[in-house]
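Encoded as structure tokens, the structure appears first; notes follow it.
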Amino acid sequence: VPLSAIAHQPRLPPVMASLSLSLILVVLAALPAARLTRRGRIEVYAAIDLMGALCGAAAAVVCAWRGAGVWSLVVQMLTLYGVRAVALNIAAFRPPAWTFSWRAVAPHTRMGGGVVAGKMIDSLGRMAEAGAVSRRFGSAGLGLYSFSYQAAWSMSQAVNNPVWTALFVHCLNNSDERSQQE
């Protein structure tokens, strides 16, 4: 609601409310992604990430072709994150062990905190950018800009996410080696 007031877009709240469902899907994918990463199965994670991006892009194109407008972008994001959540949970499923180790969590929280902070700053920047584009070019311009940006962003994420995953694994492994030497 505040974003719709800033952007002068009264139709924005239902779109943002629908997009907020992607947060649930991201949370559902976090643990299986961590399991695959910890097991060193980066190729499975990368393939699932690519599959999600392609399914999301295909769904968005079909919806846009059928005249769904901005809702095609909503469908794209929900499809991308939905496919990732389901496929990651299937690929990484293993019955849980009933043990917990704070020592095992520490490297994830150190690295994950920085990632979360970066994503939040990125999101705030995109909201400010959308508000500026909307004020300058109106809703039609914002829709065109958003679709163009989303198409490029999806392909970029399909390439960048496996790289980030590999770096994350490398940081965790180096952290484990140093802590074992100490």
Anything in the range 32-71 that is within 16 Å of A151 (Cα to Cα), open to solvent by 40 Å² or more (accessible area, probe 1.4 Å), touching a residue at least 40 places away in the same chain (Cβ under 8 Å) and assigned to a helix (DSSP H, G or I)? List them, or say none. L50, L54, A64, W71
Look through the range 76-114, keep the residues that are among the polar types (S, T, N, Q) and in a helix (DSSP H, G or I), and return whichever of them is modelled with the lowest pLDDT. T109
Evaluation of M16 against (1) at pLDDT below 85; (2) more than 21 Å from the chain's Cα centre (by Cα) (one fails), failing number: (2)
Within the range 143-164, count every residue that is under 12 Å from A47 (Cα atoms) and either exposed (fewer than 15 other Cβ atoms within 10 Å of the Cβ) or of a type outside the set (G, A, S) (or both). 3
For L80: the one exception among (1) in contact (Cβ under 8 Å) with a residue 12 or more places away in the chain; (2) over 19 Å from V26 (Cα atoms): (2)
Out of the range 97-120, which residues are over 17 Å from S20 (Cα atoms) and of a type in the set (A, V, I, L, M)? A97, A104, V105, A106, M111, V115, A117
Checked the range 91-100 for anything in contact (Cβ under 8 Å) with a residue 40 or more places away in the chain and either in contact with a strand residue (DSSP E or B) (Cβ under 6 Å, 6 or more places away or on another chain) or open to solvent by 20 Å² or more (accessible area, probe 1.4 Å) (or both); matches are A91, F93, R94
Would you confirm whether any residue within the range 137-148 is in contact with a His (Cβ under 9 Å, 6 or more places away or on another chain), modelled with pLDDT of 80 or more and closer than 17 Å to R11 by Cα? yes
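The values are calculated or read from the model by the stated rules, or taken from the named source; none is laboratory data. Since the model is a prediction, treat every value here as computed from it, not as a measurement. Ideal geometry is used to build each Cβ from the backbone, glycine not excepted, and the neighbour counts take in all protein chains shown. Surface accessibility is based on the protein's heavy atoms, side chains included, excluding ligands, DNA and RNA. Shrake-Rupley method; radii C 1.70, N 1.55, O 1.52, S 1.80 Å.
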